[in-house]
Amino acid sequence: MTSQAFQDDRAHVFHSWSAQRALAPAVVAGGEGAWFWTEDGTRYLDFSSQLVNLNLGHQHPRVVAAIQEQAASLCTIAPSFGNAARGEAARLIAEVAPGDLNHVFFTNGGTEANEHAVRMARLATGRHKVLATYRSYHGATTGSITLTGDPRRWPNEPAMPGVVRFFGPYPYRSAFYAETDAQEGERALAHLEEVFTLEGPQTIAAVVLETVVGTNGILVPPDGYLAGVRELCDRHGVMLICDEVMSGFGRCGEWFAVDRWNVRPDLVTFAKGVNSGYVPLGGVVLGPRVYEAFAERAYPGGLTYSGHPLACAAAVATIEAMREEGINERVRRLGEEVVRPRLAKLQERHPSVGEVRGLGLFWAIELVRDRATREMLVPYNAAGEAAKPMLEVAAACKAQGVWPFTHFNRLHVVPPCVTSEKDLINGLDVIDDALDVADRYY
Ligand code: PLP
C-alpha cells in the first residue's frame, strides 16, 4: 500500500536530474536537527544536509519563529521597496563578507547568483570571456550550467558563449604530474597564467571558481593558490568570482571559505547555508569596483522575489543563531578533532579508500579499485550498472539509518553543523561498516 503522498508524487511531480518512470522517492514526514523521518517512521541521520544546505539542521526554533513573525506582518514586497528584513539581512551578510564587499544583490538560489555575478563582471569590465574550472558545479540555468565543468553540462551544450575551461588544483589526480600539494598549487597557477596569455587577458572579464570545490570532490586549494589567482587577476584587470554557495555559512568553519586564505574576491556568490534553505535565497556580495560600475547607470537585471522578506528574515535569524551558538568554531573543532582522525583510520582500514580530504564539516572519501593506479571504484559519470558499487555503499549506510551523499566514486561527509558529537561519531562508524561493501570490489 503506497500513501497518497507517494501516489501524488509519482502521478504529478516531475523530478530534477532523473529518468521519471522508475523513481521511488522516500516520502519525508518531518525532521528535527540532524535527523529526518519518512512517513513510515524510519529515522535517518542526515549526513548529506539535504543538498549540503541544511547547515542549522531541521526546524531550528529561532529560524522557524523568525519566518512566522515575518509572515504575520508582511509576506512579500517588490524589490524596489525598502524593507526591514531585507535591509538587515544585507547588513549582516556584508558584516560577515570578506574585506570591503559591502553590497548584496539577492536572488532565489545559487544558480541565479552565479548568472548575475557573471553578468555584473562582464558589464563592469566590458569584456566577454569567463574562465571556469572542469571540476565544478555552478547551477542548472543556462549560464551557470555552462560554467559548470562536470558532466551535467554535456546534454545542455551549447549554451552560453564565451566560457573557457581550465584545470584547478587536484593533487590526488593531478593534471600537472605534481607530487606534492605545493607543486600542484604552483603548476595550476602557471597553467592558468598560460590560459590567460593564450586567450588574451584583455578579453577576460572574470575567473569563476568554487573556493573549496563541493560536489566535484571537496577539493581544498593548496595554500597560496587563491592568493596567486587573485594576483593574476589584479595584474590583468580581471574580476575574481568565488562561488561559495556550498562552502559558505559554516560548512568550512568560516563565514566564507576564502577567509581561510585571506583572499578578497570582487564578487562572492552564496545561497544554501545563508538561511539553511528554509526559504529559497541566494545572492551576490559585491565589492566597490562592481558597485561603482553601476553607481551612475542602471544594472540591467532583476527578479520579482529579490530579497524576499520571508527568506531574508530566515537569513537574519540564521546568522544570529550561528553567532550565538559559535557554529564556525564548533565546525572547525569537530572537523579537526572528530572527523579528520576518524577518516584517517578508515583509510588505514579499508583498501578501497584512496584518499580522504576536507575541512570543517566538508569531507570526501574517494573510493578506488586499486590504490596504486588510483582506478576509480566507479568510472567518471557512472550510471546504471556501472554505478552499482556506489549504490550498494549508499544502501548499506541507509540500512543503518544514515542518509549519505555520494557522487561518482566519492562518499561525502557533510552533516548539519549542529550534529551532536555522538551522532557524528555514530554516523562515521556506520560509514566504516558500509565501506566493507566497497572493499569487496577492490
Ligand atoms: N554553486 C555551487 C557550488 C553549488 O553547489 C550549487 C548547488 O549545489 C549551486 C551553485 C547552485 O545552487 P542552486 O541549486 O541553489 O541554484
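The values are calculated or read from the model by the stated rules, or taken from the named source; none is laboratory data. This one's a predicted model, so the numbers in the text were calculated from it and none came from an experiment. Quick reminder, even Gly has a Cβ in these numbers, built from the backbone with ideal geometry, and neighbours come from all protein chains shown.
Observations on the model:
- Test: Pro265 is more than 30 Å from Asn409 (Cα to Cα), out of contact with any His (no Cβ under 8 Å at 6 or more places or on another chain) and within 16 Å of the ligand (Cβ to nearest atom): yes
- Single match in Ala317, Ala321, Ala386, Ala364 (criterion: over 19 Å from the mean Cα position of the chain (by Cα) and farther than 30 Å from Thr76 by Cβ): Ala386
- Scan of region 394-427 for residues that are crowded, with 21+ Cβ neighbours inside 10 Å and part of a helix (DSSP H, G or I), ordered by number: Cys397, Leu424, Gly427
- Taking first residues from region 203-219 that are away from the ligand (no atom under 15 Å from the Cβ) and partners that are outside any strand (DSSP E or B) and among the charged types (D, E, K, R), the Cβ contacts under 7 Å between residues at least 6 apart in sequence or on separate chains come to Thr203/Arg127; Ile204/Arg127; Ala205/Arg122; Ala205/Arg127.
- Among the candidates Ala317, Ala344, the residue that is surrounded by 24 or more Cβ atoms within 10 Å (Cβ to Cβ) and either in a helix (DSSP H, G or I) or touching a Phe, Trp or Tyr at 6+ places or on another chain (Cβ under 7 Å) (or both) is uniquely Ala317.
- Condition check for Phe167: away from the ligand (no atom under 16 Å from the Cβ), closer than 21 Å to Asp223 by Cα and touching a strand residue (DSSP E or B) at 6+ places or on another chain (Cβ under 8 Å): yes
- For region 51-69, the candidate set comprises residues that are on the phi > 0 side of the Ramachandran plot and more than 16 Å from the ligand (Cβ to nearest atom); within that set, the residue that is nearest to the chain's Cα centre (by Cα) is Gly57.
Every residue, every condition in (1) in contact (Cβ under 8 Å) with a residue 60 or more places away in the chain; (2) touching a strand residue (DSSP E or B) at 6+ places or on another chain (Cβ under 7 Å); (3) of a type in the set (Phe, Trp, Tyr); (4) surrounded by fewer than 24 Cβ atoms within 10 Å (Cβ to Cβ), yes or no:
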residue	(1), (2), (3), (4)
Val64	yes, no, no, yes
Ala72	no, no, no, yes
Cys75	yes, no, no, yes
Gly87	no, no, no, yes
Leu92	yes, no, no, yes
Asn102	yes, no, no, yes
Ala113	yes, yes, no, no
Thr133	yes, yes, no, no
Thr148	no, no, no, no
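- Tally of residues being more than 14 Å from the ligand (Cβ to nearest atom), part of a loop (DSSP other than H, G, I, E, B) and of a type outside the set (A, V, I, L, M, F, W, C) across region 222-247: 4
- For the residues Ala78, Ala90, Ala72, Ala94, the requirement of being of a type outside the set (Asp, Glu), over 20 Å from Pro265 (Cβ atoms), part of a helix (DSSP H, G or I) and more than 16 Å from the ligand (Cβ to nearest atom) singles out Ala72.
- Checking Asp243, Asp266 one by one, the residue that is in contact with a Lys or Arg (Cβ under 7 Å, 6 or more places away or on another chain), at pLDDT 95 or above and surrounded by 24 or more Cβ atoms within 10 Å (Cβ to Cβ) is Asp266 and no other.
- Leading residue by the ranking (farthest from Pro309 (Cα to Cα)) among those in region 248-284 that are assigned to a strand (DSSP E or B) and touching a helix residue (DSSP H, G or I) at 6+ places or on another chain (Cβ under 6 Å): Leu267
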